[in-house]
Amino acid sequence: MKALKARNRWLSLVWLALVLSFYSAPAKADLEDGIRALDRGDFATALSVFLEQAKHNDARAQNYLGVMYVEGLGTAQNDRVAADWFFKASVLGLPEAMTNLARMYEEGKGVPRDENAAVAAYQAAANAGFEPAINRMAEIFEEGELGQNRDPKTALQWRARLPNAIKDVRVDKQRDAITVSIKMSRPLAASPRSFTVTTPP
């Protein structure tokens, strides 16, 4: 009986310790809390959350910090600090940060203007599949920007990496025939050999 009472007392103490630790420990905000705070314009909270997450090498938090410093949201506008955050997130492999860092190099904001560094950062993000960077690489070769020669073939190769999407569907009815015209975001490499529709099946 004494052993049972001692065991119950021990369990009560364990539960009490757990409850006290729950109420005494500050709630730890995660990245999503910071994003929600940013969306509602609570920049001080967003900045605090992102700084905390950035300490733990959260590349997305570092990228958000870069954006906040570029825009001066909740902090003094500082391109150099923004570029530092974009660089840290780029090293961790975040394509969005690579693209943001490329823009900084392209415009000479927070870092010396460096066309080669800009192209390299855009290309790294594009190779990771980040669509805005793929678009930018295509534009660079279409227009001959950032020290690159105009090269429509290379531009087309970059555009070919983008997913093709249906932009418009038009249906024409003429007597016994129905013609369906589908406009894509870019030309098809070849006509489809077959297709299916869901309505009607």
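The values are calculated or read from the model by the stated rules, or taken from the named source; none is laboratory data. These figures come from a predicted structure and were not determined experimentally. All Cβ positions, even for glycine, are placed from backbone atoms using ideal geometry, and neighbour counts span all protein chains on display. Areas reflect the complete protein model, heavy atoms only, side chains present, ligands, DNA and RNA absent. Shrake-Rupley method; radii C 1.70, N 1.55, O 1.52, S 1.80 Å.
Numerical summary
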quantity: Rough spin-label spacing in nm, given labels placed 7 Å along Cα→Cβ, for Asn149 and Ala190; calculated: 3.1 nm
quantity: Region 58-67 - phi-based ³J(HN,Hα) in whole Hz, Karplus 6.51/-1.76/1.60, Gly and Pro as x; calculated: 7, 4, 5, 5, 5, 5, 4, 4, x, 4
quantity: Candidate aspartates and glutamates for bridging to Lys88, where Cα separation is under 15 Å - those fewer than 8 sequence places away on the same chain excluded; calculated: Glu52, Asp58, Asp79, Glu96
quantity: Nitroxide proxy distance, nm - points 7 Å out along Cα→Cβ at Asn116 and Arg170; calculated: 4.9 nm
quantity: Mean Cβ neighbour count within 10 Å, used as a protection proxy, ranking 161-173, 111-123 highest first; calculated: 111-123, 161-173
quantity: Rounded, prolate or oblate (a/c below 1.5 giving rounded, otherwise prolate when a/b exceeds b/c) for region 83-137 by Cα gyration tensor; calculated: oblate
quantity: Where Arg150, Arg60 fall by accessible area, highest first, once all protein chains stay in place (1.4 Å); calculated: Arg150, Arg60
quantity: Whole-number D in µm²/s for region 142-201 (Stokes-Einstein; Kirkwood sum over Cα pairs; 25 °C, 0.890 mPa s); calculated: 165 µm²/s
quantity: Ratio of Rg to Rh over region 23-181 (Cα coordinates, Kirkwood Rh, two decimals); calculated: 1.16
